[in-house]
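Scroll down for the structure; my scribbles are underneath it.
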Amino acid sequence: MRIAVSSSAFRQLLAAGELTQLEWLERCASQLDADGVLAGLADFPRTDLEYTAQLRKVAVDLGLVPFGLDTAGLFDRDAAAARESTLALATALGALVVRSPLPPPGDVPPATYVETVAIAKALGRAAKAANVTLLVPPAPGTLGEDLPAVKRLLKDADSAWLRPCPRALDEAATLDARDRFPAVTATPDDDPATLLAHAGRPWVLLDALAGERPWDTLAAAIAALRDAGAERRLRENRAFEVSGRNRSGRLEPS
């Protein structure tokens, strides 16, 4: 499991100028020991390409993966310019993904659905050209109310560059063993052992509401996930050893 920290928990600090983009990256690496970051466009008003290149360089120097960008509205009817600029920014940052929810159903949901499928098809082609995967999370009040709804629309869009991004615990009952997701979302309140059991190997995007002590909250959550992962690997190694001994009387692969 690899963990990318969302900027959502630091929204107030960033907006107040108490934390800069560069400081956020540095502390995500040194204080949180994160594997990567997911930067919300709403949290970072400066997005010129020169500064974006600097952010990418700093992330690489720190050993952080600039995993993705987080933004709303990419599937909206009038968002053509935003789609183009966001994909260009993702390319400049070296981001692997962009996360954006589907739009609300609108006054005539069937018409909005058809229009959104057409937009998703075009967005998939643009994402392929930019070599960036679009992640679509389930979100209340949208055409992707839950994971089945997201999967249904993306199936109609028929693009490998558009992928669902489920909540690892909320959507556990509808996850299929054949499903392969680039990333799943989680919060600091999720039980680490249960999250590990459902998340598998994808990236975990750690979201949190802006609070009074975001660094402490996320540091504790990441440490708990690391500990749970180490404990799970230890159990698996012990089971492997026992299986090998039971079969041959000596240690060998099972």
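The values are calculated or read from the model by the stated rules, or taken from the named source; none is laboratory data. None of these values were measured; they are calculated from a predicted model. In this analysis, Cβ positions are derived from the backbone assuming ideal geometry, glycine residues included, and neighbour counts consider all displayed protein chains.
Here are the criteria: (1) in contact with a Ser or Thr (Cβ under 9 Å, 6 or more places away or on another chain); (2) charged (D, E, K, R); (3) closer than 19 Å to Ala149 by Cβ. Tell me which single one Asp107 does not satisfy. Checking Asp107 against (1) in contact with a Ser or Thr (Cβ under 9 Å, 6 or more places away or on another chain); (2) charged (D, E, K, R); (3) closer than 19 Å to Ala149 by Cβ, the one that fails is (1).
In region 141-191, the residue that is surrounded by the most Cβ atoms within 10 Å (Cβ to Cβ) out of those that are at pLDDT 95 or above and of a type in the set (Val, Ile, Thr) is Val150. Looking across region 43-79 at every residue that is part of a loop (DSSP other than H, G, I, E, B) and touching an Asp or Glu at 6+ places or on another chain (Cβ under 8 Å), the one that is farthest from Arg11 (Cα to Cα) is identified as Arg77. Could you please let me know if Ala92 is surrounded by 15 or more Cβ atoms within 10 Å (Cβ to Cβ) and on the phi < 0 side of the Ramachandran plot? Spelling it out, Ala92 is indeed surrounded by 15 or more Cβ atoms within 10 Å (Cβ to Cβ) and on the phi < 0 side of the Ramachandran plot. Given the condition under 24 Å from Leu162 (Cα atoms) and of a type in the set (Ser, Thr, Tyr), answer yes or no: does some residue in region 10-23 qualify? No, that holds for no residue. For region 65-80, residues that are surrounded by 16 or more Cβ atoms within 10 Å (Cβ to Cβ) and more than 18 Å from Val132 (Cα to Cα) total 1.
Does Leu87 satisfy being crowded, with 22+ Cβ neighbours inside 10 Å, over 30 Å from Leu225 (Cα atoms) and at pLDDT 95 or above? Against the criterion (crowded, with 22+ Cβ neighbours inside 10 Å, over 30 Å from Leu225 (Cα atoms) and at pLDDT 95 or above), Leu87 qualifies. In region 120-136, the residues that are free of Cβ contacts under 8 Å to residues at least 12 places away in the same chain and at negative phi never reach a residue that is among the acidic types (Asp, Glu) and part of a loop (DSSP other than H, G, I, E, B) with C-beta atoms less than 8 angstrom apart, at least six apart or across chains.
Consider region 57-71 and keep the residues that are out of contact with any helix residue (DSSP H, G or I) (no Cβ under 8 Å at 6 or more places or on another chain) and of a type outside the set (Val, Ile, Thr). The one that is farthest from Leu143 (Cα to Cα) is Asp61. Would you confirm whether any residue within region 59-72 is among the β-branched types (Val, Ile, Thr) and without any contact (Cβ under 8 Å) to a residue 60 or more places away in the chain? The answer is yes, given that some residue of region 59-72 is among the β-branched types (Val, Ile, Thr) and without any contact (Cβ under 8 Å) to a residue 60 or more places away in the chain. If you scan region 22-34, which residues turn out to be among the acidic types (Asp, Glu) and closer than 14 Å to Val58 by Cα? Those that are among the acidic types (Asp, Glu) and closer than 14 Å to Val58 by Cα: Glu23, Glu26.
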